[in-house]
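Heads up: the structure comes next, in structure tokens.
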Amino acid sequence: SVLAIGALLRVAHHMDVESRSPDEETYTDYASNVADGGIRAFPKVFSDYEQAGDVWVYPAPTRVGEILLTVAVMRWEGVRDEQAGADLSLAANIAALLLTAWIGVRFFDPWVGVAATAFFAFSVTELGIARRAWTDSLVGATSLLLVLITCVISQPENRRRMWLYVLFLAAGCGALLVKESLALYFGICGLWLTGALWFQEKSIKGAAL
């Protein structure tokens with residue numbers, strides 16, 4: 001029921017935003033160019049950003065993951081405005097809500113999962129960013145995905161399953177394309193796994209890999 005309430009709270013006022021921020025307009029401009037011109041539009045997007053020094057205070061087009069996912073939503077919905085990015089944020093925020101519940105219940109205690117999910121569900125900050133075409137919701141969902149994979153690998157029976165490390169690497173590389181600061185999450189989770197292999201599995205080779 002907490003998950004349902006959290007999702008309903010995010011959907012209830014999703015369409016009530018009356019104005020958009022410069023960052024939202026910037027992400028939308030990048031995505032609309034790629035949605036219309038395909039992947040080949042990226043060189044021009046980067047060139048325009050590099051030449052127009054006055055826009056350097058806004059997000060750079062290096063956040064390719066955010067842009068491409070917004071492009072996918074634009075093409076699916078048949079729109080080219082900020083609503084596509086806002087819808088992506090809504091989906092990512094609800095996904096983060098589900099991941100929070102999953103991590104809490106699976107790796108801690110059912111009541112921990114309920115409490116954590118409730119805090120997330122009613123967070124004023126999260127309710128706000130779920131309505132915006134920013135990258136924050138996607139960052140939240142991606143960081144939680146990295147934590148989930150790390151928790152799965154940390155289980156004794158999973159520490160030597162190489163495909164899970166490949167999944168962790170793929171998720172981490174994808175995270176770096178969403179926002180640069182996710183390198184911190186990727187690094188911390190990577191250090192945790194390295195420590196688990198070194199001290200618990202006594203595998204120097206595994207830790208080095």
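The values are calculated or read from the model by the stated rules, or taken from the named source; none is laboratory data. Just so we're clear, the structure is a prediction, and the values are computed from it rather than from any experiment. Neighbour counts run over all protein chains shown; Cβ positions are idealised from the backbone, glycine included. For accessibility, only protein heavy atoms count, side chains too; no ligands or nucleic acids. Shrake-Rupley method; radii C 1.70, N 1.55, O 1.52, S 1.80 Å.
Projecting the Cα positions of Leu68, Gly38, Val2 onto the charge dipole of the stretch 1-116 (unit charges on Cβ atoms of Lys, Arg, Asp and Glu, taken about the Cα centre) puts Val2 furthest along the positive direction.
Each stretch of four or more DSSP H residues adds -39500 (n - 2.57); spread over every residue of the chain, this sum gives -22500 deg cm²/dmol at 222 nm. In the distance distribution for the stretch 82-172, Cα-Cα pairs more than 19 Å apart total 46 percent. On the basis of the beta-carbon distance and an R0 of 25 Å, Ser21 and Ala72 show a calculated FRET efficiency of 0.70.
Rounded to the nearest 20 debye, the dipole size of the stretch 98-200 about its Cα centre is 180 debye, using +1 on the Cβ of Lys and Arg and -1 on the Cβ of Asp and Glu. In the chain, taking the dipole from charged Cβ atoms about the Cα centre, the farthest positive-side position among Ile149, Trp134, Ala208 is held by Ala208.
Rolling a 1.4 angstrom probe over the protein heavy atoms with all chains in place gives the chain an accessible area of 55 Å² per residue. Loop-resident GluC sites (Glu not before Pro) (DSSP state other than H, G, I, E or B) in the stretch 116-209 with no more than 11 further Cβ atoms inside 10 Å of their Cβ are absent. Extension gain, Gln155 to Phe199: 0.36 nm times the residue separation minus the Cα-Cα distance gives 14.5 nm. Taking all protein chains together and a 1.4 Å probe, the residues Asp109, Asp87 rank Asp109, Asp87 from largest to smallest accessible area. For the chain, the longest principal axis of the Cα atoms and the long axis of helix 64-77 meet at an angle of about 60 degrees. Binning the alpha carbon pair distances of the stretch 96-139 at 5 angstrom intervals from zero yields the distribution 5, 25, 26, 19, 14, 8, 2, expressed in whole percent. Hey, how much of the P(r) for the chain falls beyond 21 Å, as a percent of Cα pairs? Every Cα pair in the chain considered, those over 21 Å come to 59 percent. Counting only Cβ charges, +1 for Lys and Arg and -1 for Asp and Glu, the dipole size of the chain around its Cα centre is about 1100 debye.
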